[in-house]
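A.B. asks: Here you go, one structure.
The values are calculated or read from the model by the stated rules, or taken from the named source; none is laboratory data. Please read these numbers as outputs of a predicted model, since none were measured by experiment. Note: ideal-geometry Cβ built from the backbone for every residue, glycine included; neighbour counts use all protein chains shown.
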Number of protein chains: 2
Amino acid sequence: MLNKVTIRDVAEFAQVSQSTVSNYFHKPRKLSDATRERIRQAVDALGFVPNDAARMLRTGVSPVIGYVAFELASATTPEVATAIERRVSAEDMYLLMANDTGSRQRERDYLQLFEQQRVSGIIIAPVGDVEAELARLRRRGIASVLSARRAVSPAQASVSTDHVTGSRLAVEHLIGLGRRKIGFIASSLDLRQVADRQRGALSVIEAVPDATLEIISVPERTVEAGIACAEHLARRSPADRPDALFCVNDLLAIGIIQSFVAGRRIRIPEDIAVIGYDDIEFAQSTIVPLSTVRTPHAELGTAAADLLFDEIAELRGPEGADGERTAPHIEFAPELVVRASTVGA
Amino acid sequence: MLNKVTIRDVAEFAQVSQSTVSNYFHKPRKLSDATRERIRQAVDALGFVPNDAARMLRTGVSPVIGYVAFELASATTPEVATAIERRVSAEDMYLLMANDTGSRQRERDYLQLFEQQRVSGIIIAPVGDVEAELARLRRRGIASVLSARRAVSPAQASVSTDHVTGSRLAVEHLIGLGRRKIGFIASSLDLRQVADRQRGALSVIEAVPDATLEIISVPERTVEAGIACAEHLARRSPADRPDALFCVNDLLAIGIIQSFVAGRRIRIPEDIAVIGYDDIEFAQSTIVPLSTVRTPHAELGTAAADLLFDEIAELRGPEGADGERTAPHIEFAPELVVRASTVGA
DNA sequence: CAACGCTAGTAAATCGTATTACCAACCGCC
DNA sequence: GGCGGTTGGTAATACGATTTACTAGCGTTG
């Protein structure tokens, strides 16, 4: 803390007034070449870096966008984050991320930190319900976009992907291949996403007379759970097995594929076709490359950032809160990715 | 921006002075129950949230730690980040992360942002060389810890893992199993880590008279590259093949395992034992669970945070910079994880 | 030459909080 | 009843930048 150097130190060093140094940064053309050069040297010599707190306090404008993401660990988050970062960077702003470890308390803590910092905007993929909080922030002039979930309030901007459509794509694909005994492998339905995917699957099955959907429940959505589930299925008599499996995520599907391939009794996709969901990086690298449903992570991130900047502009533009306007919600259609686990090599 | 509410608004609402409201937050015991209650209500009613910029400006103390990580996408980063976050949170501070997309420019940008924000400390796993920058920051009172790399300057605290030892562990394990024709699968040596791992492997081989190390070069460190490499090896005559493979990372090893298992000609580990490096989440979930070398990510993160807090205390404690003290470097010993890919089921 | 408009620069106010120094009132106590 | 101590509170200042309003000097111009 010894070496604080302020704009005043620079001014003194360069033999000018403090405001002139400020002008040097913001309206450099107002200065004569001589003083500009003197100040440049002073800044260099002293290693001056402006104090953001002071700047913010005065201007009320922050160059940072906050991003609160549940489970940075989650396989899909980095892709979204990178897309957002790219967009934010293009706007000459900065993206600061907070790792939401799943605790609702910590989630709020970070939301509050960002509020205290008066960031320009917040993108959040929350675990808890934060819409009320976000509404409050908006009234305070902080824009926000909810990610990965459709906002309940019409005033809350949000982006998400349409899991119902996604799972329809998957199951239609299986049906199109002539499969009729579909197994849906999923865990607890309390996750909205899982419920949505099941709904989509069902809606397809119901429209096909001779098709059936068997719901196979697993305790977790991990590779291990997939392996365990596959071993279970392998013990059934062949006539009793599904001829296609729709797994609620890629991890499960990968476990199943590995187990079947190793067991050598069930061929993929001849005996059983397998399709997953998410298109994680590993999906194309499994021993039988995995068909899956891809949600456009990068596009989602970019869209979230776009919406955010729109709202920021809006909040700054007219006379503040122009009543409860209706905020956009953008829903992305997932995309079917066909690989060998459904159509052979 | 319409609804700014400051400490003064609260004061007015509660019919007290501005300083009393400040006291309410920092020395609540100084207030009578009555006023405390009035202020509480005022804060509630107005939804007051203190302005961090003003607070910082006044106190010069920030509650945030900055973390600049190269490739949040990297499989190992989240684990480190989570460990750091836990430690930071225990200190009642906040961790804000910046995603370094690999551009040295952006890396510096974020470093500068953190400097402008006068954060309390910075942990950085950089792509470029930033020690000079960090030294400057330290002179300004901002602590820092370099992660995943040993600092060159003795004044720079850092943490890393010992890749030489790690690969020694791996190769010694293979030797201990009676293998002698070891293949080392790696990509370009320009990455320090890769070079270190090769060095470690070599040092073991040289000490065992009849052991040989064949260096097998691959273009990338991905699952696909592993599969391609495995196909190559499968075409060799059995006598010509290594009897053990040490892969420079788990992805390569996973590709190789998948390919061998699918090809059914080469048994793991009977014909060829395979060991990887990193212990990524998938390592235990492959069809033949992968032996590997685990670097203690969580411990690394915790240690980094510990060092940082030490330095913060030091910077704040005595009369500022007490000359160039020697900063600690902590090196973690990796740990051998033995699974079926080397010792059978 | 008076009036005007530029140019290059400065002084001072301001942002919202924490803190220091100060004060009034009350209490107890010899 | 005077004195020290506590309790509960306030006024004023400082933090480091931005910004507004102002000015001195100077060339132009009708």
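A.B. asks: If I go through the stretch A:180-233 residue by residue, how many of them are part of a helix (DSSP H, G or I) and within 14 Å of another protein chain (Cβ to nearest Cβ)?
C.D. replies: Count: 9.
A.B. asks: Now for a different question. Specify which of the listed residues (A:4, A:27) is surrounded by fewer than 18 Cβ atoms within 10 Å (Cβ to Cβ), of a type in the set (D, E, K, R) and facing another protein chain (nearest Cβ under 8 Å).
C.D. replies: Of the residues listed, the single one that is surrounded by fewer than 18 Cβ atoms within 10 Å (Cβ to Cβ), of a type in the set (D, E, K, R) and facing another protein chain (nearest Cβ under 8 Å) is A:4.
A.B. asks: Of the conditions (1) free of Cβ contacts under 8 Å to residues at least 60 places away in the same chain; (2) closer than 22 Å to residue B:299 by Cα, residue B:157 fails just one. Which one is it?
C.D. replies: Only one criterion is unmet by residue B:157, namely (1).
A.B. asks: Tell me the strands (runs of 3 or more DSSP E) entirely within the stretch A:57-151 that contain at least 3 residues that are facing another protein chain (nearest Cβ under 7 Å) and crowded, with 23+ Cβ neighbours inside 10 Å.
C.D. replies: Qualifying strands (runs of 3 or more DSSP E): A:94-100.
A.B. asks: Hey, another quick one. Among (1) at the interface with chain A (Cβ under 10 Å from one of its Cβ atoms); (2) of a type outside the set (Phe, Trp, Tyr); (3) part of a helix (DSSP H, G or I), which single condition is residue B:304 missing?
C.D. replies: Of (1) at the interface with chain A (Cβ under 10 Å from one of its Cβ atoms); (2) of a type outside the set (Phe, Trp, Tyr); (3) part of a helix (DSSP H, G or I), only one is false for residue B:304: (1).
A.B. asks: Of all residues in the stretch B:7-24, which are surrounded by 14 or more Cβ atoms within 10 Å (Cβ to Cβ) and hydroxyl-bearing (Ser, Thr, Tyr)?
C.D. replies: Listed by number, the residues that qualify are B:20, B:22, B:24.
A.B. asks: Right, here's the next one. Would you please name the residue that is nearest to DNA strand C (Cβ to nearest atom), looking only at residues in the stretch B:2-29 that are more than 44 Å from the chain's Cα centre (by Cα) and among the aliphatic types (A, V, I, L, M)?
C.D. replies: For the stretch B:2-29, the residue satisfying everything is B:11.
A.B. asks: Only one of A:10, A:21, A:43, A:5 is assigned to a loop (DSSP other than H, G, I, E, B) and either within 8 Å of DNA strand D (Cβ to nearest atom) or out of contact with any Leu (no Cβ under 9 Å at 6 or more places or on another chain) (or both). Can you tell me which?
C.D. replies: Numbers: A:10 fails: assigned to a loop (DSSP other than H, G, I, E, B); A:21 fails: assigned to a loop (DSSP other than H, G, I, E, B); A:43 fails: assigned to a loop (DSSP other than H, G, I, E, B).
Exactly one of A:10, A:21, A:43, A:5 is assigned to a loop (DSSP other than H, G, I, E, B) and either within 8 Å of DNA strand D (Cβ to nearest atom) or out of contact with any Leu (no Cβ under 9 Å at 6 or more places or on another chain) (or both), namely A:5.
A.B. asks: List pairs: first in the stretch B:1-26 and under 16 Å from residue B:54 (Cα atoms) and of a type in the set (S, T, N, Q), second within 12 Å of DNA strand D (Cβ to nearest atom) and not in a helix (DSSP H, G or I), Cβ under 7 Å, 6+ apart or cross-chain?
C.D. replies: From the stretch B:1-26, the pairs are B:23/B:31.
A.B. asks: Which of (1) within 16 Å of DNA strand D (Cβ to nearest atom); (2) assigned by TED's automatic domain parsing to the domain that holds residue B:117 is the odd one out, the single condition residue B:32 does not satisfy?
C.D. replies: (2)
A.B. asks: Run residue A:47 past the list (1) surrounded by 15 or more Cβ atoms within 10 Å (Cβ to Cβ); (2) at the interface with chain B (Cβ under 8 Å from one of its Cβ atoms); (3) away from DNA strand C (no atom under 11 Å from the Cβ) and report the number of the one that doesn't hold.
C.D. replies: That leaves (1) as the condition not met.
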